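S.K.: Have a look at the structure that comes next, please.
Just so it is clear, none of the values below were taken in a lab; they were calculated from the coordinates. This is a predicted model, so every value here is computed, not measured. Glycine also receives a Cβ, built like all others from the backbone with ideal geometry; neighbour counts cover every protein chain displayed.
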Amino acid sequence: MKFVDEFRDADLGRAGAGEILSLVEPGRHYKVMEVCGGHTHSIYKYGVDDLLPSNVELVHGPGCPVCVIPMGRVDDGIALAHTEGVIFTCFGDMMRVPGAQGTLLEAKAAGADVRMVYSPLDALRIAKENPDREVVFYAIGFETTAPSTALTLKRARAEGVANFSCMSNHVTIVPPLRALLESPDLRLDGFIGPGHVSTIVGARPFEFIPADYGKPVVISGFEPLDILQSVAMVLRQLAEGRCAVENQYTRVVPYDGNLRALEVMAEVFELRPHFEWRGLGFISHSGLRLSEAYADLDAERRFSVPGVRVADPKACQCGEVLKGVIKPWECKVFGTACTPERPIGTCMVSSEGACAAYYNYGRFARDREVV
Amino acid sequence: MSDPPPEACAADHCITCNDDGVPMTVLRLDAGAGLAECTDAEGGRSAVETALVDPVCEGDRILVHAGVAIASLPAEVGA
């Protein structure tokens, strides 16, 4: 494929780093939050932060779909998985997320029929292949993934697949950003906006950040040069004393998003009054449940779901990590009791999680020495 | 529906959970089912729902997430 190597070109990367250096004021400390876990993963995979001046700090935001699922919702999934006659389907990373009752992988080992799927359509296929079983799809993800779930539910309805249902844990990106901006313990100078979420919602939903909070936002692609350029665009806005939503990822993201995806989401989902986020607590209108029109496909209505709230483990500081208040290595259990093999917190589960990104790409040893 | 590519949910990286978008090329359309057989850069194949980017033609480039095309891509441009 053309234009992949070009987005990873070392000379262009060094030139981008030089541009960033020219834009910063000595003595000023900049905190820029990358909202999306995909960016966090790229930053550490490619060492993008090593190219930044020491006074430009990247703060890792709450945009990892797995990391924000609270323990109670995991336990609800495990209870559903153990329900007689149920085939429980979910994405791979979700199977390793710990709840108070263990993980879905452990539930599978204990006899529950838990199957990993790559897409909701795969879960629907399993339902069609097993008409005598109830197939539940445990849906997670931001607006990038929600349209896929919505289309699958429409397809299930159209094809009359009566043994298929969905437990929605879909979340939306704007409410947690507003919550972070209202947080008194976090001072941010700007945002690297989520690329693939914006493919669906567009850039417009982020306009409240410059309008209400006076901070720049740059929607970014995921290659290392995309991220460097986006950091430079944020710093340029700050240097010029302005703030706006800018779109670095124009090759994929239309400013208005994907209107068809937004329509199908509006048909199939409705906003929950509130939804609990791991480490962030309850946030109003931040979660999606199935609309009344699709109530018959809602696993939470079809089955008995405990719905018990479980407090986060005391030792785990995922909340502070998700808010960017502490760095992963500053957590008491990072790299000791909590590792990718045996995660305590969700940030260590998914490679998008800030803790796993630090751990997997060598930040563990280096940063421990710095500390 | 074809099986997911083997790297889709490897131990250290789940491309669906991670909000990844995979650039793919449309090989063949199944208009009746609303699906398209697509291939990625490594030659992996999968059936992709195209309702959000229709109309698509054979040879078109699309960005795929969780089995659904979420955006059209300019020819030969990475994502």
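S.K.: Using 20 Å bins from zero, what percent of all Cα-Cα pairs in chain A falls into each bin?
M.R.: 29, 57, 14, 0
S.K.: Still on this structure: I'd like the Karplus ³J(HN,Hα) series for the range A:59-73: coefficients 6.51, -1.76, 1.60, θ = phi - 60°, whole numbers in Hz, and an x wherever there's a Gly or Pro.
M.R.: So the J values, rounded to whole Hz, are 9, 8, x, x, x, 9, x, 6, 5, 9, 6, x, 4, x, 5.
S.K.: Something else about it: Under 11 Å from the Cβ of residue B:24, count the other residues' Cβ atoms, weight Lys and Arg +1, Asp and Glu -1, and hand me the total.
M.R.: After counting each charged neighbour, the total is -2.
S.K.: Using modelled backbone amide H atoms (1.01 Å from N, in-plane), which distant-in-sequence or interchain residues come within less than 5 Å of residue A:63's amide H?
M.R.: Excluding prolines and chain starts, which carry no amide H, the hits are A:37.
S.K.: Collect residues whose amide H, placed 1.01 Å from N in the peptide plane, falls under 5 Å from the amide H of residue A:298; neighbours closer than 5 in sequence don't count.
M.R.: A:166
S.K.: Would you mind calculating the gained length between residue A:212 and residue A:336 on full extension (0.36 nm times residue separation, minus the Cα-Cα distance), in nm to one decimal?
M.R.: Length gained, residue A:212 through residue A:336: 40.5 nm.
S.K.: A further question follows. So how do A:40, A:339 line up by other beta-carbon neighbours within 10 Å, fewest first? Intermediate results must be reported in sequence, preceding the final value.
M.R.: Numbers: A:40 30, A:339 16.
In order of increasing Cβ crowding within 10 Å: A:339, A:40.
S.K.: Once the Cβ-Cβ distance between residue A:325 and residue A:6 is put in as r, and R0 is 45 Å, what FRET efficiency do you end up with, to the nearest 0.05?
M.R.: With a Förster radius of 45 Å, E is 0.80.
S.K.: If we count other beta carbons within 10 Å of each Cβ, what is the order of A:11, A:226, fewest first?
M.R.: A:11, A:226
S.K.: While we're looking at this one, here's another question. Hey, what's the per residue convex hull volume over the C-alpha atoms of the range A:220-259, in cubic angstrom?
M.R.: Dividing the Cα hull volume of the range A:220-259 by its residues yields 58 Å³.
S.K.: Let me ask you something else. Across the protein assembly as shown, how many lysine pairs separated by 8 or more positions, or lying on different chains, have Cα atoms within less than 26 Å?
M.R.: Number of lysine pairs found: 17.
S.K.: Looking at chain A as a GNM with Cα springs under 10 Å, which of A:328, A:216, A:184 has the largest mean-square fluctuation?
M.R.: A:184
S.K.: Related question: Starting from the Kirkwood Rh over alpha-carbon pairs, what translational D in µm² s⁻¹ does the range A:58-107 have by Stokes-Einstein at 20 °C and 1.002 mPa s? Mind dumping the intermediate values first?
M.R.: Working: Rh = 11.6 Å.
It diffuses with D of about 184 µm²/s by this estimate.
S.K.: Please state the Cα pair-distance histogram of the range A:1-157 with 10 angstrom bins from zero: what percent is in each bin?
M.R.: 9, 28, 25, 18, 15, 6, 1
S.K.: Still on this structure, I have one more. Determine ³J(HN,Hα), in whole Hz, for all residues of the range A:141-147 in sequence, where each value follows from phi through the Karplus function 6.51 cos²θ - 1.76 cosθ + 1.60 and θ = phi - 60°; x replaces Gly and Pro.
M.R.: x, 8, 5, 5, 9, 4, x
S.K.: Looking at chain A as a GNM with Cα springs under 10 Å, which of A:17, A:293, A:123 has the largest mean-square fluctuation?
M.R.: Result: A:293 has the largest fluctuation of those listed.
S.K.: Among A:253, A:74, A:24, which one shows the biggest mean-square fluctuation in a GNM of chain A, springs joining Cα atoms closer than 10 Å?
M.R.: A:24
S.K.: Quick check: the distance between the Cα centres of the range A:18-43 and the range B:31-73, to the nearest angstrom?
M.R.: That distance is 34 Å.
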